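J.: Here it is: the structure, laid out below.
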Amino acid sequence: MGAAEAVTVRGLRVRRGGALVLPGLSLAVRTGTVTGLLGPSGSGKTTLMRAIVGVQRVEAGEVTVLGDSAGTTVLRRRVGYVTQAPSIYADLSVRENLRYFARVLGVPRERVDEAIATVDLRPQAGQVVRTLSGGESARVSLATALLGAPDLLVLDEPTVGLDPVLRRDLWAAFHRLAEQGTTLLVSSHVMDEAERCDELLLLRGGRLVAAGTPRELLDRTGATDLEQAFLTLAEGL
Amino acid sequence: MNARVTLATAERVLRQLRRDPRTLALVLVVPPVLLTLFRYVFDGQPQTFDRVGGPLVGLFPFISMFLVTSIAMLRERTSGTLERLMSLPLGKLDLLLGYALAFAVVAGAQALVTSTVAFWLLGLDTAGPVWLVVALAVGNALLGMGLGLFLSAFASTEFQAVQFMPAVVIPQLLLGGLLVPRERMARPLELASDAMPLTYAYDALARATQIGELDGRIWLDVGVLAGSVVLALALGAATLRRRTS
């Protein structure tokens, strides 16, 4: 395996629409883990993810991804990104969407069916995206990011609006990918998802409040559940 | 540049259009219907129809593709698909050429349908070859596409994007020589028309349909037109940003 850290962020400062969203953030994501990025909405999760993928204009700081500077051309093949709102073509079918992105990535056609199976959309494969439910569209968006078998997957709230069974299955899929060496950075504002992560990063107001495994955070705060641990950590600021 | 990505993009854009048969029908049917209208409005002055009709065949694709492209690109920008594409191994040129290829196909079909109606059914006379009119129509479509792509960056809603059409197209149609010969306009207007790409598009079409003589001047027009297409596409490419705030 490569370096111990898939993502290293140092002194990242980002301003969006005049507001200082990230005032100088430093953190790391370990290779081969499912790392949860947690925090209330407006805490800077999406901005941080955009900076890691290299689509965010940054004011200062360093973001190193898989050994290269974020946004470098070689990384476009190695990093998969799923935005909060599904970014797919509403007037194409599920399969047509995936085939297009597969051709852009230059991966074989079989990957399309594999990705559709992973997100459990086989019955809907021929359906036009516009006619899908919100959760189904979100899964198409996720499937497109799986196509290229990226080394780092950045997922912005991928399980919003999904039923519990599917949520459990997707988290199982995330862990399978991690076992194969993929690093996953998954944002969420739902605390019950935190315990499914190997490591956690808690963001509040653009600052890192805490980092560690769920066990460590519980031990440090003496709390019985993660929700309580986060409250203790956030109030201790 | 990557031929695989360019072709995949062109195919994807055509698939999207095929899913929207109403738009496709409007693109193909409206120009011949409008030309037919022109023909009967000028029933008493066939020479006017002969003068204006030929160039119009080549100018319709400019307007259609300007509209289709500005809306299509606006959708790419607002749906997040552009941001996704920009985070993938896809060159900006691949995306632009993919769009250009797809719209050139549609513009070619549009020009063929319109020419067929104009030259055979409506009895429009053209001095030059029909293929030249069709080729110029495709060139104009690419110009409309480039400008639509560029201006879509300044529209945040579809309402705004649609309003760019009259703002950009009508002054060029008014000054380009279609209505009044340029040398008869006030000097400042004539000078302004010198700087408008549609002036050269109209001039080339007028020469192809009325004079039929493929002299040096028409190739100058074609050269200016080609340069404008490249410039418009370059301006459009500059609005595709990998990193946004």
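J.: Determine which member of the set A:80, A:148, A:134 is closer than 21 Å to residue A:45 by Cβ and facing another protein chain (nearest Cβ under 10 Å). It would help to see each step written out before you state the result.
T.: Numbers: A:148 fails: closer than 21 Å to residue A:45 by Cβ; A:134 fails: facing another protein chain (nearest Cβ under 10 Å).
The unique qualifying residue is A:80.
J.: Looking at residue B:44, is it away from every other protein chain (no Cβ under 14 Å), outside any helix (DSSP H, G or I) and either over 17 Å from the mean Cα position of the chain (by Cα) or not basic (Lys, Arg) (or both)? If you could, list the steps in order and put the result at the bottom.
T.: Working: away from every other protein chain (no Cβ under 14 Å): yes; outside any helix (DSSP H, G or I): yes; either over 17 Å from the mean Cα position of the chain (by Cα) or not basic (Lys, Arg) (or both): yes.
Yes; evaluated as a whole, the condition is true for this residue.
J.: Assigned to a loop (DSSP other than H, G, I, E, B) and surrounded by 15 or more Cβ atoms within 10 Å (Cβ to Cβ) - does that describe any residue in the stretch B:23-33? Quick ask: steps written out before the conclusion?
T.: So the first thing to find is which residues in the stretch B:23-33 are assigned to a loop (DSSP other than H, G, I, E, B), and the list is none.
Within the stretch B:23-33 (the criterion being assigned to a loop (DSSP other than H, G, I, E, B) and surrounded by 15 or more Cβ atoms within 10 Å (Cβ to Cβ)), the answer is no, since none of the residues qualifies.
J.: Residue B:112 passes all but one of (1) of a type outside the set (S, T, N, Q); (2) in contact with a helix residue (DSSP H, G or I) (Cβ under 7 Å, 6 or more places away or on another chain); (3) part of a loop (DSSP other than H, G, I, E, B); (4) without any contact (Cβ under 8 Å) to a residue 40 or more places away in the chain; which number fails?
T.: The single condition residue B:112 does not satisfy is (3).
J.: Could you look through the stretch A:47-68, keep only residues that are touching a strand residue (DSSP E or B) at 6+ places or on another chain (Cβ under 7 Å), assigned to a loop (DSSP other than H, G, I, E, B) and without any contact (Cβ under 8 Å) to a residue 60 or more places away in the chain, and pick out the one that is farthest from the other protein chains (Cβ to nearest Cβ)? Don't jump to the end; show me each part of the working.
T.: Taking the stretch A:47-68 and keeping what is touching a strand residue (DSSP E or B) at 6+ places or on another chain (Cβ under 7 Å), we get A:47-53, A:55-66.
Narrowing further to those that are assigned to a loop (DSSP other than H, G, I, E, B): A:55, A:57-59, A:66.
From what's left, without any contact (Cβ under 8 Å) to a residue 60 or more places away in the chain: A:55, A:57-59.
Working: A:55: 6, A:57: 5, A:58: 8, A:59: 10 Å.
That would be A:59.
J.: Another question, then. So residue A:94 ticks every box in (1) within 22 Å of residue B:77 (Cα to Cα); (2) in contact (Cβ under 8 Å) with a residue 60 or more places away in the chain; (3) more than 12 Å from chain B (Cβ to nearest Cβ) but one. Which box is left unticked?
T.: (2)
J.: I'd like to check something: does the stretch B:28-39 contain any residue that is within 14 Å of chain A (Cβ to nearest Cβ) and under 25 Å from residue B:139 (Cβ atoms)? Working first, answer last.
T.: Let us first name the residues in the stretch B:28-39 that are within 14 Å of chain A (Cβ to nearest Cβ), namely none.
No - not one qualifying residue is present in the stretch B:28-39.
J.: Next question. So in the stretch A:97-121, with the set limited to residues that are free of Cβ contacts under 8 Å to residues at least 12 places away in the same chain and aliphatic (A, V, I, L, M), which one is nearest to the other protein chains (Cβ to nearest Cβ)?
T.: My answer is A:104.
J.: Would you confirm whether any residue within the stretch A:202-222 is on the phi > 0 side of the Ramachandran plot and touching a Pro at 6+ places or on another chain (Cβ under 8 Å)?
T.: Start the filter on the stretch A:202-222 by keeping residues that are on the phi > 0 side of the Ramachandran plot, which leaves A:205-206, A:212, A:222.
Then keep just the ones that are touching a Pro at 6+ places or on another chain (Cβ under 8 Å); that gives A:206.
Yes.
J.: Taking the condition in a loop (DSSP other than H, G, I, E, B) and away from chain B (no Cβ under 12 Å), does residue A:71 pass? Steps first, answer last, please.
T.: Working: in a loop (DSSP other than H, G, I, E, B): yes; away from chain B (no Cβ under 12 Å): no.
So residue A:71 fails the test.
J.: So, one more: Could you please find all residues in the stretch A:80-94 being closer than 15 Å to residue B:18 by Cβ and surrounded by 19 or more Cβ atoms within 10 Å (Cβ to Cβ)? Reasoning before the result, please.
T.: Residues of the stretch A:80-94 that are closer than 15 Å to residue B:18 by Cβ, as a first pass: A:89-93.
Passing the criteria: A:89, A:92, A:93.
J.: Within the group B:52, B:113, B:106, B:68, which residue is out of contact with any Cys (no Cβ under 6 Å at 6 or more places or on another chain) and either on the phi > 0 side of the Ramachandran plot or modelled with pLDDT under 90 (or both)? Please lay out each step first, then the result.
T.: Values: B:113 fails: either on the phi > 0 side of the Ramachandran plot or modelled with pLDDT under 90 (or both); B:106 fails: either on the phi > 0 side of the Ramachandran plot or modelled with pLDDT under 90 (or both); B:68 fails: either on the phi > 0 side of the Ramachandran plot or modelled with pLDDT under 90 (or both).
Within the list B:52, B:113, B:106, B:68, the selection yields B:52.
J.: Taking interchain pairs and intrachain pairs at least six residues apart, which have beta carbon atoms under 8 angstrom, with the first residue in the stretch B:1-24 and more than 8 Å from chain A (Cβ to nearest Cβ) and the second at pLDDT below 95 and not in a helix (DSSP H, G or I)?
T.: Sorted first by the residue in the stretch B:1-24, then by its partner, the pairs are B:1/B:91; B:2/B:90; B:2/B:91.
J.: Would you point out which residue out of B:93, B:67 is within 14 Å of chain A (Cβ to nearest Cβ) and of a type outside the set (D, E, K, R)? Steps first, please.
T.: On the way: B:67 fails: within 14 Å of chain A (Cβ to nearest Cβ).
Residue meeting the stated conditions: B:93.
J.: Name every residue in the stretch A:1-38 that is buried (at least 16 other Cβ atoms within 10 Å of the Cβ) and not in a strand (DSSP E or B), in order of residue number.
T.: A:31, A:32, A:33
The values are calculated or read from the model by the stated rules, or taken from the named source; none is laboratory data. If you're wondering where the values come from, they're calculated on a predicted model, not measured in any experiment. Cβ coordinates were reconstructed from backbone atoms using ideal geometry, including for glycine residues, and neighbour counts include every protein chain displayed.
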